[in-house]
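The values are calculated or read from the model by the stated rules, or taken from the named source; none is laboratory data. Keep in mind it's a predicted model, so treat the numbers as computed, not measured. Cβ coordinates were reconstructed from backbone atoms using ideal geometry, including for glycine residues, and neighbour counts include every protein chain displayed.
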């Protein structure tokens, strides 16, 4: 049975009203005419400067997404080793050679034109130890080694900085969230193989996350933990942590206005964007997952995140009401693209179907352009408290469903 919750209504209306207090800048959104070659969720999306492409690799490619096998169990029944290079300037896709193995719920990091796939899970829900690398110039795959058992995770974040790939957070094989940060040298010696180094831990263990890097700082926010003392699967984290790469130190900074997991986290021009994600109706957090999880369509931004005084601001609504989707910045046009994801629970298929939608977000200066905000997908707000706003054409008043953790 579908239950429309008053808490969902209040949450959505609150985020809409908050967006009206945004600045006289906006980000226009538009649905791309191009569609994904196949509906996808839980894949990686990685921008490469050398080719000016965004690389989408792996993921859940079952059209039914996560199918309901039990009241509180949703499983993807098909994952892929396929990948595609998306050229935003033409809207076209190029198929890649298949990766050495299918995987989803992994992370990807660009190391000078070589995309490292780290962690994730197999179709039988086993965490993957092998690191597979795609060379965007030679268009070929290699496997550079396997992670030690202590560093095998899914649903984690990763980023590259000065000859190291860093991995942070995520779930162990048992779905216990972890607070681990470790790094891998990207200068691999054949005799030594992969060299891992344990770094400073997070303040909060968390999975269902992404991480972004800006200069010498990395950031992680939201996510779930298995620990009941920290909210468990009922209350996603709202906390944000900043990692000083030079000092090897995590610092807790401003909280998200709304705790969220399974969101897209993207950095563009020194600003961090948190798109959508999942939360729970805590008063009803038991029984059938479809009845107590809620999708979030709002967007929050964090400007100048290296400053202790920086705070998250609401930035309006996204038109893409999906979760478990991927996002990537496209610097040539100061754009952000989001891809796929899973849609609301459907009682017809008893599933969270995958999406093939692509959405583009572009910075739009209302004051300089003289635009009155009357475009179909933009709207000018009143106060000038921050330089970005995302305002969708329509705000759905009631959102009842999101995906399980």
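Filter the range 319-348 for residues that are surrounded by fewer than 24 Cβ atoms within 10 Å (Cβ to Cβ) and part of a loop (DSSP other than H, G, I, E, B); which is modelled with the lowest pLDDT? This residue is 321. Take the residues of the range 215-241 that are touching a residue at least 60 places away in the same chain (Cβ under 8 Å) and farther than 17 Å from residue 181 by Cβ: which is surrounded by the fewest Cβ atoms within 10 Å (Cβ to Cβ)? Going through the qualifying residues, I end up with 215. Considering only residues that are under 17 Å from residue 60 (Cα atoms) and within 19 Å of the chain's Cα centre (by Cα), which ones fall in the range 86-112? Scanning the range 86-112 gives 103, 104, 105, 106, 107, 108.
Of the residues screened, residue 203 is not one that is in contact with a strand residue (DSSP E or B) (Cβ under 8 Å, 6 or more places away or on another chain), modelled with pLDDT of 95 or more and either over 25 Å from residue 161 (Cβ atoms) or not in a loop (DSSP other than H, G, I, E, B) (or both).
On the stretch given as the range 271-295, residues that are modelled with pLDDT under 85 and at negative phi total 16. Hey, does the range 243-265 have a residue that's more than 19 Å from residue 315 (Cα to Cα), in contact (Cβ under 8 Å) with a residue 60 or more places away in the chain and either assigned to a strand (DSSP E or B) or within 16 Å of the chain's Cα centre (by Cα) (or both)? Yes, there is a match, as at least one residue in the range 243-265 is more than 19 Å from residue 315 (Cα to Cα), in contact (Cβ under 8 Å) with a residue 60 or more places away in the chain and either assigned to a strand (DSSP E or B) or within 16 Å of the chain's Cα centre (by Cα) (or both). Taking the range 12-77 as the region of interest, the strands (runs of 3 or more DSSP E) fully inside it that hold 1 or more residues being modelled with pLDDT of 95 or more and under 30 Å from residue 351 (Cα atoms) are 44-48, 53-57, 73-76. All conditions in (1) surrounded by fewer than 24 Cβ atoms within 10 Å (Cβ to Cβ); (2) not in a loop (DSSP other than H, G, I, E, B) hold for residue 86, with the sole exception of (1).
Looking only at the range 98-127, residues that are at positive phi and either part of a strand (DSSP E or B) or surrounded by fewer than 15 Cβ atoms within 10 Å (Cβ to Cβ) (or both) come to 3 in all.
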